[in-house]
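As structure tokens, the structure follows; a few thoughts come after it.
The values are calculated or read from the model by the stated rules, or taken from the named source; none is laboratory data. Keep in mind that what you see is a predicted model, and the values were worked out from it rather than measured. Here Cβ is always computed from backbone atoms with ideal geometry, including for glycine, and neighbour counts include all displayed protein chains.
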């Protein structure tokens with residue numbers, strides 16, 4: 001659950017202090033119904049859709065809700081100019097100092113991963129801007145990924161002293177191969193949209209501002225397919241992800257739990273907070 005890259009760019013949500021209570025009145029995750037399609041929109045545009053405590057919880061809950069409401073395709077996207085800039089700095093600071101909260105958030109992280117891997121219908125990620133940390137994981141766990149030309153992926157967990165526990169370490173080796181996955185996980189480098197397609201992390205690049213409409217058109221094509229065949233083909237293919245999850249998810253999250261309390265991670269968070277305060 002890492003935020004944007006620490007060396008050049010500030011965390012996405014400077015206003016949420018450590019331990020801030022979520023605003024249960026705010027729709028931080030909006031589900032829009034369009035026939036048999038559901039558009040799931042992360043809705044913290046002022047924070048580039050960084051996952052605060054409330055949004056993280058809703059991302060863990062929503063997949064069971066969607067499975068029960070009769071939809072056949074889901075489009076996952078972000079409000080404003082980002083897909084998701086990763087973890088909220090206040091949440092990361094609280095996870096660093098509070099073991100019980102850390103365990104709670106990592107348990108929710110496990111629910112997000114399992115919920116997406118086990119969800120029976122196609123999920124299209126309409127990546128309309130930066131997809132960093134958790135945002136990058138959400139794209140990797142989706143079934144089809146459309147990226148706007150100006151968007152990018154990045155998983156900076158290692159760069160801020162965290163084990164990459166909530167997605168990239170599970171999905172990227174299957175999508176790109178071990179060597180390329182290691183390179184981008186170890187360095188945290190940005191992956192521009194065109195490179196993401198070349199690596200197998202995205203299906204295609206679409207014009208800026210067009211990700212949602214292109215995703216709607218793709219969803220319409222999927223709705224035209226035979227329902228039972230599409231559903232069980234998705235589940236058959238995702239057995240590869242399920243096997244990776246079985247072998248690696250608990251190990252990766254245990255590593256993230258340990259690294260979240262480490263002095264190295266604490267130093268990275270302090271540096272990020274200083275940049276936030278300077279702004």
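Please give the number of the condition residue 225 fails out of (1) in a loop (DSSP other than H, G, I, E, B); (2) over 17 Å from the mean Cα position of the chain (by Cα); (3) touching a residue at least 40 places away in the same chain (Cβ under 8 Å).
(3)
Just the residues that are closer than 16 Å to residue 87 by Cα and modelled with pLDDT under 95, please, taken from the stretch 15-45.
Across the stretch 15-45, the qualifying residues are 15, 16, 17, 18, 19, 20, 21, 22.
So which residues in the stretch 66-91 are part of a helix (DSSP H, G or I) and without any contact (Cβ under 8 Å) to a residue 24 or more places away in the chain?
Here is the first cut: in the stretch 66-91, the ones part of a helix (DSSP H, G or I) are 66-67, 89-91.
The answer is none; no residue qualifies.
Checking residue 276 against (1) touching a helix residue (DSSP H, G or I) at 6+ places or on another chain (Cβ under 7 Å); (2) within 20 Å of residue 153 (Cβ to Cβ); (3) part of a helix (DSSP H, G or I), which test does it fail?
Condition (2) is where residue 276 drops out.
Are any residues in the stretch 228-246 part of a helix (DSSP H, G or I), within 20 Å of residue 166 (Cβ to Cβ) and in contact (Cβ under 8 Å) with a residue 40 or more places away in the chain, and if so, which ones?
If the condition is that a residue be part of a helix (DSSP H, G or I), within 20 Å of residue 166 (Cβ to Cβ) and in contact (Cβ under 8 Å) with a residue 40 or more places away in the chain, then 240, 241, 242, 244, 245 are the ones that fit.
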